[in-house]
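Asker: Take this structure first; my questions come after.
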Amino acid sequence: MADIFGKINVLGLGSGLDLQGLIDQLRQIEEKPIESMEAKKDFYESRLTEFDWLNTKVLSLKSMALDLSLESNYLLRNVSVSGTSISAEADVGALEGSYRVDVEQLARNSLWQSQGFSTKDAVINPDSDDVLQIQIGEEEFSLLVPQGITLEGLADLINEHTENPGVEAKVIDTGSAADPYRLILKSKETGESQRIVVTQELQGMDFEEVIGTPNIWRTDLFSAPDEVINDSGETITLNISVGSQEISVDVADGTTLSELKDLINEAAENSSLRAYLIRDEAGNYFLDLRSPESLSVTQSPDTPTIFPNQIEDNGESLNAFLSVDGISYERGTNEIADIIPGVTLKLQTTGESFLTVTANHDKIKETLVSLVEEVNGFLQELREKMAFDLETGEEGPLYRSNAAESLIRDLRDVLSMNFPGNENITSLFDLGLNFNRDGTITIDEEKLEEAIANHPEEIKTLMIGDEEKNITGLADKLNETLQKYLGTSGLIALEQDTTERYIENLDKNIALAQERVDRYIATLQRQFMALDQYIQELNDMSSYLDVQFKSILGLTEDK
């Protein structure tokens, strides 16, 4: 048989029959079940893709349901301002109402300037190193200023100092004919708590306060901080009036200048008064009493006078002053969030403005309309994917999908849910929801707006429920319903897993069936090759006999 196969390589060559065509036809017949299985595999693979689409759509709906279940979205507020003195922002749950706001003064940054210099590169301390000391609020920092530093170099030194608590330095050109360059010290934040005081000037460089100079009383000049300020042999009682507050300080005999500073600051801990020990540019030391409120100093006995110099009697505050509905307030910043609950006032200029805070239901309306539109579009598309075409016999990729069929039922049930805790708004139908005869779902926006205007609290209760009555809101119910379709144990994932197993089984069955067909065709090929060889041998024998017969006949005729 091996010799036969070796002689004939093309089926039908020996017999003249179309044996290869016959085998091809038999293969097609045998592979019909495989084609059916492959078609089914293609269907299930397309279904897997649709499960991803279905999962994405459910997540989108769940996100909208979550928005409707958040109480904060029902507490949004609108703010309107009439007037230019303020702008305002309202947080969630801000107190609704109308307010009159009168801004008397804006909060300001503390500002100091040095004397003028001819250039920005002018040398500050040509003779030796020195120390500049600055206090801002309760914090004080010192800078070692090296000999030969320039005005601009000093600004950089201040700005780059690691212990700088909030002082910004820069050199400006005032444009004056003589010595136009000055060093400016400015607090980064506004208000009295950020007031700057230069407590130790550089030798030959003096500073003056530019903005909001407070009321100031000052001692005489001393050569050192530890010089005695009371050498009278008896205790002197200082009586300091700060606004409406009275402060009493006993200054014992032998008290030094620096000790007096501590005595006053400890006694005035809860007031606007502060004592500063200052060294001026000439090297003299003195004590300043400073307060933005009215300030006066008396003493008993009245000699020797400890504070003989009233430097400023028309002092100003760096704080903002305003009134809301006639009640006065003072704040250290122009952005104020602790007067009207939930509202941040931003002071712009002096003057009167009117502020109105109202409920903002726009997000709830937009979300409800979007949810209905999303559900409607989703259901229409889902039904198309689940359909069976009677004319063509084609099945949609989600035809007879258990998860899809269940989801449609659940969505209709939740959207139709009745809420027993309200009097006027008991279901989405009271908000304008409609299930139309053509299968679409729509919402009447005019009816929705009317419901929001008249019954906003009942809409909130409908959506988020009532814990006291143990009633679950529609949004929470929708959220819970959609959740059972999501995640690794959700209905979509379970059916997806089942589909993947179908595909795996089909792959195995297709491979087995193909193997069976291949074996069958191989057997046919061997049989047909043998048949072809046998027919060829018969044909050869027939030809041989024909020649022999003709030869015999020829010999007979010759005789």
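Asker: Could you tell me how many of the residues in segment 300-335 are assigned to a loop (DSSP other than H, G, I, E, B) and either of a type in the set (Phe, Trp, Tyr) or touching a Lys or Arg at 6+ places or on another chain (Cβ under 7 Å) (or both)?
Answerer: As a first pass, look at segment 300-335 and keep what is assigned to a loop (DSSP other than H, G, I, E, B): 301-308, 313-319, 325-326, 332-334.
From what's left, either of a type in the set (Phe, Trp, Tyr) or touching a Lys or Arg at 6+ places or on another chain (Cβ under 7 Å) (or both): 307, 318-319, 325, 334.
Number satisfying all stated conditions: 5.
Asker: Please enumerate the residues belonging to segment 343-389 that are part of a strand (DSSP E or B) and closer than 30 Å to Asn402 by Cβ. Lay out the reasoning, then the answer.
Answerer: Filtering segment 343-389 down to residues part of a strand (DSSP E or B) leaves 343-347, 351-359, 388.
Correct list: Phe388 only.
Asker: Here are Tyr534, Tyr502, Tyr485, Tyr520: which of them is touching a Ser or Thr at 6+ places or on another chain (Cβ under 9 Å), in contact (Cβ under 8 Å) with a residue 12 or more places away in the chain and not hydrophobic (A, V, I, L, M, F, W, C)?
Answerer: On the way: Tyr534 fails: in contact (Cβ under 8 Å) with a residue 12 or more places away in the chain; Tyr502 fails: touching a Ser or Thr at 6+ places or on another chain (Cβ under 9 Å); Tyr520 fails: touching a Ser or Thr at 6+ places or on another chain (Cβ under 9 Å).
One residue alone meets the criteria, Tyr485.
Asker: Has segment 480-495 got any residue that is more than 35 Å from the chain's Cα centre (by Cα), charged (D, E, K, R) and surrounded by 14 or more Cβ atoms within 10 Å (Cβ to Cβ)? Steps first, answer last, please.
Answerer: Residues of segment 480-495 more than 35 Å from the chain's Cα centre (by Cα): 495.
Among the residues that remain, those that are also charged (D, E, K, R) are: 495.
Now narrow it down to the ones that are surrounded by 14 or more Cβ atoms within 10 Å (Cβ to Cβ): 495.
Checked against the condition, which is being more than 35 Å from the chain's Cα centre (by Cα), charged (D, E, K, R) and surrounded by 14 or more Cβ atoms within 10 Å (Cβ to Cβ), segment 480-495 yields at least one hit.
Asker: Within segment 144-187, can you find the residues that are farther than 22 Å from Gly212 by Cβ and in contact (Cβ under 8 Å) with a residue 60 or more places away in the chain?
Answerer: Those that are farther than 22 Å from Gly212 by Cβ and in contact (Cβ under 8 Å) with a residue 60 or more places away in the chain: Ser176, Ala178, Asp179, Pro180, Tyr181.
Asker: Can Glu189 be described as in the same structural domain as Ser272 (by TED's automatic domain parsing), at pLDDT 95 or above and within 37 Å of the chain's Cα centre (by Cα)?
Answerer: Working: in the same structural domain as Ser272 (by TED's automatic domain parsing): yes; at pLDDT 95 or above: yes; within 37 Å of the chain's Cα centre (by Cα): yes.
Against the criterion (in the same structural domain as Ser272 (by TED's automatic domain parsing), at pLDDT 95 or above and within 37 Å of the chain's Cα centre (by Cα)), Glu189 qualifies.
Asker: OK, next. Quick one: which of Gln527, Gln483, Gln548, Gln536 is of a type outside the set (A, V, I, L, M, F, W, C) and assigned by TED's automatic domain parsing to the domain that holds Ala404? Lay out the reasoning, then the answer.
Answerer: Working: Gln527 fails: assigned by TED's automatic domain parsing to the domain that holds Ala404; Gln548 fails: assigned by TED's automatic domain parsing to the domain that holds Ala404; Gln536 fails: assigned by TED's automatic domain parsing to the domain that holds Ala404.
Going through Gln527, Gln483, Gln548, Gln536 in turn, the sole match is Gln483.
Asker: Here are Gln147, Gln194: which of them is of a type in the set (S, T, N, Q) and touching a Lys or Arg at 6+ places or on another chain (Cβ under 8 Å)?
Answerer: Gln194
Asker: Looking at segment 257-267, is at least one residue farther than 17 Å from Ala224 by Cβ, in contact (Cβ under 8 Å) with a residue 12 or more places away in the chain and within 46 Å of the chain's Cα centre (by Cα)?
Answerer: Our first condition is that a residue be farther than 17 Å from Ala224 by Cβ; within segment 257-267, this holds for 263-267.
The next check asks that each one be in contact (Cβ under 8 Å) with a residue 12 or more places away in the chain; those that pass are 263-264, 267.
Within this subset, residues satisfying the condition of being within 46 Å of the chain's Cα centre (by Cα) are none.
No, every residue in segment 257-267 fails to be farther than 17 Å from Ala224 by Cβ, in contact (Cβ under 8 Å) with a residue 12 or more places away in the chain and within 46 Å of the chain's Cα centre (by Cα).
Asker: Say whether the condition of being part of a loop (DSSP other than H, G, I, E, B), more than 23 Å from Thr174 (Cβ to Cβ) and not aromatic (Phe, Trp, Tyr) is met by at least one residue in segment 100-114. Full working, then the answer.
Answerer: Narrowing segment 100-114 to residues part of a loop (DSSP other than H, G, I, E, B): 106-108.
Pick out the ones that are also more than 23 Å from Thr174 (Cβ to Cβ) and you get 106-107.
Now narrow it down to the ones that are not aromatic (Phe, Trp, Tyr): 106-107.
Yes, segment 100-114 has at least one match.
Asker: Would you point out which residue out of Leu531, Leu482, Leu506 is at pLDDT 90 or above and either assigned to a helix (DSSP H, G or I) or within 16 Å of Leu68 (Cβ to Cβ) (or both)?
Answerer: Working: Leu531 fails: at pLDDT 90 or above; Leu506 fails: at pLDDT 90 or above.
Of Leu531, Leu482, Leu506, the one residue that is at pLDDT 90 or above and either assigned to a helix (DSSP H, G or I) or within 16 Å of Leu68 (Cβ to Cβ) (or both) is Leu482.
Asker: Condition test on Arg383, is it in contact (Cβ under 8 Å) with a residue 12 or more places away in the chain, assigned by TED's automatic domain parsing to the domain that holds Gly83 and of a type in the set (Lys, Arg)?
Answerer: Numbers: in contact (Cβ under 8 Å) with a residue 12 or more places away in the chain: yes; assigned by TED's automatic domain parsing to the domain that holds Gly83: no; of a type in the set (Lys, Arg): yes.
Spelling it out, it is not the case that Arg383 is in contact (Cβ under 8 Å) with a residue 12 or more places away in the chain, assigned by TED's automatic domain parsing to the domain that holds Gly83 and of a type in the set (Lys, Arg).
Asker: Under 30 Å from Ile196 (Cβ atoms), free of Cβ contacts under 8 Å to residues at least 24 places away in the same chain and not assigned by TED's automatic domain parsing to the domain that holds Leu462, is that true of Asp121? Spell out the reasoning first.
Answerer: Numbers: under 30 Å from Ile196 (Cβ atoms): yes; free of Cβ contacts under 8 Å to residues at least 24 places away in the same chain: no; not assigned by TED's automatic domain parsing to the domain that holds Leu462: yes.
It is false that Asp121 is under 30 Å from Ile196 (Cβ atoms), free of Cβ contacts under 8 Å to residues at least 24 places away in the same chain and not assigned by TED's automatic domain parsing to the domain that holds Leu462.
Residue by residue, here is whether (1) under 30 Å from Lys346 (Cα atoms); (2) touching a residue at least 40 places away in the same chain (Cβ under 8 Å); (3) buried (at least 17 other Cβ atoms within 10 Å of the Cβ); (4) in contact with a helix residue (DSSP H, G or I) (Cβ under 9 Å, 6 or more places away or on another chain) holds:
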site	(1), (2), (3), (4)
Asp42	no, no, no, no
Leu61	no, yes, yes, yes
Leu68	no, yes, yes, yes
Ser72	yes, no, no, no
Arg77	yes, yes, yes, no
Ser80	yes, yes, no, no
Leu95	yes, yes, no, no
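Asker: Which residues, counting only those in segment 445-459, are in contact (Cβ under 8 Å) with a residue 12 or more places away in the chain, loosely packed, with under 15 Cβ neighbours inside 10 Å and of a type in the set (D, E, K, R)?
Answerer: Glu445, Glu446, Glu449
Asker: Could you tell me how many of the residues in segment 293-338 are crowded, with 17+ Cβ neighbours inside 10 Å and either without any contact (Cβ under 8 Å) to a residue 12 or more places away in the chain or not charged (D, E, K, R) (or both)?
Answerer: The total comes to 17.
Asker: Restricting attention to segment 252-266, which residues are of a type in the set (A, V, I, L, M) and either outside the structural domain of Arg279 (by TED's automatic domain parsing) or part of a helix (DSSP H, G or I) (or both)? Please lay out each step first, then the result.
Answerer: Just the residues of segment 252-266 that are of a type in the set (A, V, I, L, M), to begin with: 252, 257, 260, 263-264.
Answer for segment 252-266, where residues must be of a type in the set (A, V, I, L, M) and either outside the structural domain of Arg279 (by TED's automatic domain parsing) or part of a helix (DSSP H, G or I) (or both): Leu257, Leu260, Leu263, Ile264.
Asker: Same structure, new question: Return the total of residues in segment 279-299 being part of a loop (DSSP other than H, G, I, E, B) and under 23 Å from Gln115 (Cα atoms).
Answerer: Going through segment 279-299, the residues part of a loop (DSSP other than H, G, I, E, B) turn out to be 280-284, 292-294.
Then keep just the ones that are under 23 Å from Gln115 (Cα atoms); that gives 280-284.
Total satisfying the criteria: 5.
Asker: Would you be able to tell me the number of residues in segment 190-224 that are surrounded by 16 or more Cβ atoms within 10 Å (Cβ to Cβ) and in a strand (DSSP E or B)?
Answerer: Of the residues in that region, 14 qualify.
The values are calculated or read from the model by the stated rules, or taken from the named source; none is laboratory data. This structure is a prediction, so every number in the text was calculated from the model and none was measured. Here Cβ is always computed from backbone atoms with ideal geometry, including for glycine, and neighbour counts include all displayed protein chains.
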